[in-house]
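Undergrad: Submitted below is the structure of interest, expressed as structure tokens.
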Amino acid sequence: MNILEVPVIGSRKNDKEKLFTLLSDRAIRKFEGLDVGFLQLSSNLGIYFYFLNQENEEYYYLWDLIIPHAIGCIVICDLSNSEIFAKNVKVIQYLEQRYQTPLHICALPVHGLEPTILKTKGFNETQGREFQYFNPKSKDTVKKILLKIINPV
Amino acid sequence: MTDGLIITSNRTLFDEFNLNFASELTNFEYAQSLQSAKEAQEWELFDYLLIIEQNATDLQSILQNLQQSPEFKKLPVLCCTSATDWTQREMLWKTGAKDIIYLPVSKEEFRLQLQSFLHSISVVEKDQQVMGMQGKLEDYNLLDLMQTLDQNKKTGILTMYHSRDEGRIWFMNGRICEAKFRTFEKLAAIYKLVTWLEGDFTISFVDEEYEPKIEQDNQQILLECIQYIDRRNKLIDNLPDLNESLLISPETDIVQMESESANYLRFFQGGQTIAGFLSAFDQDELKLLEIVKEFCDKQNLMTRDFFDSYRTEQEREVEEVGFKSVFKKLFRGKEGSTDKGQVKKESPTMKGPAVEHEKSSIDKDLKYDRLFTTENVDLPLFKEKIEKI
């Protein structure tokens, strides 16, 4: 069985699980500290999505077990909420400092529109850091994100 | 019950006729032209033709063509036309119309006229039959009937009914002259009919001469039929029950198959029986059975029970490979050796210098390296599948 792992980190309050539910009817399984969704692409091909809440600091030790082996790590950024966004920034710095896994920084829509100000908010597009757009209502944006994760490898 | 073929260029008219006048007495099929009528006749044997054409000259032209066509020459023709001129109507009668209904006509009157026409052709049919017999294929199958008709040197038409299918064989002094079943070739039609062991048959003994259209004599045909049944039975013995539902294996990639094989296999999507497969294609049953056998041998097809157990096994494998067992270990490890106080964690919100995560204790307990590996993963295949979602 060929398996890819993709951790998805974001605020508890945002729709990061939509990244999975837009593509699959399967239920997301709840575990202590993380939720898991399995997207079966064929009988021997699948992707595990690990949904991690940036607020659950007591479970950050799980990140060490998951993120280093992942093909890419998605961080969902919410620019419409300054508190969440401030935490996003800290999480991204933490991830970059600690792991080599490529980061895919995916911005949620602001007032229903694709945000264009992510870079000016303090992020630079450096090596191993990709900026993308994630619309929880659009399957296409999810597919683009996944394809981008797979392509650079 | 009679089967009528309506020939008209106006589809709406056919729909109206079909809606109002199709009954327990007659069924209607539609043909837009003489050509499509000939194609329809290959699929179904009709008892009469009904031509709806307002223009008498066009109607006469169709009738003339029908008279030249061996398929339709002997069928009674009912014409519906708005021709009021006697000369035109006279030509229609002379060209072979069995009856003419003048349009416009009320529904009630048309119904009565149609009934009268149907009655008249059934009386004629009865008159034409010197004698006949009927029975069940369970008691006398085609092989029995062929031998009986051969021994008694009978001339007539054997009509066989099986489920919703109907086939006919023409005899002349006991010899098989012609066979018709859907679009099958003559001998292939006989091979198909010989496999019918359930249904009804009727034999009409008529005083007519049929031109032999099959080269083989009865003995050769009988021998070939027996050999055919033998080969068929051997193939069936190696297959699941003909009435058992078969499904396409989840492992089968139809896209990668040759188009002909893929077309055959697609028939089984959602579950279909071999009997249904044999009935769906107008092709030699032996060839079709060979195809199914190949599918079964390659496990492209599987019975529902096998399919269910296969799926369950696959899911179990995924679960085993997957997160279930790993996470069980993971959380057991956490409960056993770590708690919030013991494990020093580093987080982006922690103040002060980063403290190295004590993951050795976790690793020790969990013997955990990684869930999965991205090495040797077929990424282009992932890409292809994601693009198809």
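Undergrad: Could we say that A:Pro68 is open to solvent by 20 Å² or more (accessible area, probe 1.4 Å), more than 10 Å from chain B (Cβ to nearest Cβ) and more than 20 Å from A:Pro136 (Cα to Cα) here?
TA: So A:Pro68 fails the test.
Undergrad: Shifting gears a bit: Among A:Lys148, A:Lys87, A:Lys143, which is within 27 Å of A:Ile3 (Cα to Cα), within 10 Å of another protein chain (Cβ to nearest Cβ), at pLDDT 90 or above and open to solvent by 20 Å² or more (accessible area, probe 1.4 Å)?
TA: Sole residue among the options that is within 27 Å of A:Ile3 (Cα to Cα), within 10 Å of another protein chain (Cβ to nearest Cβ), at pLDDT 90 or above and open to solvent by 20 Å² or more (accessible area, probe 1.4 Å): A:Lys143.
Undergrad: With the requirement that a residue be at the interface with another protein chain (Cβ under 10 Å from one of its Cβ atoms), under 17 Å from A:Gly72 (Cα atoms) and modelled with pLDDT of 85 or more, what does the stretch A:1-33 give you?
TA: A:Leu4, A:Glu5
Undergrad: If you don't mind, there's one more thing I want to ask. Of all residues in the stretch A:48-65, which are open to solvent by less than 10 Å² (accessible area, probe 1.4 Å) and more than 10 Å from chain B (Cβ to nearest Cβ)?
TA: A:Phe49, A:Phe51, A:Leu52, listed by residue number.
Undergrad: Now, a different point. Return the pair list, or none, for Cβ contacts closer than 7 Å from residues in the stretch B:280-297 that are in contact (Cβ under 8 Å) with a residue 12 or more places away in the chain to residues that are of a type in the set (Lys, Arg) and open to solvent by 30 Å² or more (accessible area, probe 1.4 Å), at least 6 apart or on different chains.
TA: Correct list of pairs: B:Asp282/B:Arg182; B:Glu285/B:Arg232; B:Leu286/B:Arg231; B:Leu286/B:Arg232; B:Leu289/B:Arg232.
Undergrad: Shifting gears a bit: Let me confirm something: among B:Glu109, B:Glu71, B:Glu53, which residue is closer than 19 Å to B:Phe28 by Cα and open to solvent by 80 Å² or more (accessible area, probe 1.4 Å)?
TA: Going through B:Glu109, B:Glu71, B:Glu53 in turn, the sole match is B:Glu109.
Undergrad: Here's another thing I want to ask about it. Would you mention how many residues in the stretch B:191-239 are open to solvent by 30 Å² or more (accessible area, probe 1.4 Å) and not basic (Lys, Arg)?
TA: 26
Undergrad: Given the options B:Glu109, B:Glu44, name the one that is at pLDDT below 85 and of a type in the set (Asp, Glu).
TA: None of the others qualify; the one that does is B:Glu44.
Undergrad: Can you pull out the residues in the stretch B:37-67 that are touching a residue at least 24 places away in the same chain (Cβ under 8 Å) and small (Gly, Ala, Ser)?
TA: B:Ala37, B:Ala40, B:Ala56
The values are calculated or read from the model by the stated rules, or taken from the named source; none is laboratory data. Please read all numbers here as calculations on a predicted model, not as lab measurements. Here the Cβ is made from the backbone with ideal geometry for all residues, glycine too, and neighbour counts use every protein chain on show. Accessible surface is based on the protein model in full, side chains and every heavy atom, while ligands, DNA and RNA are left aside. Shrake-Rupley method; radii C 1.70, N 1.55, O 1.52, S 1.80 Å.
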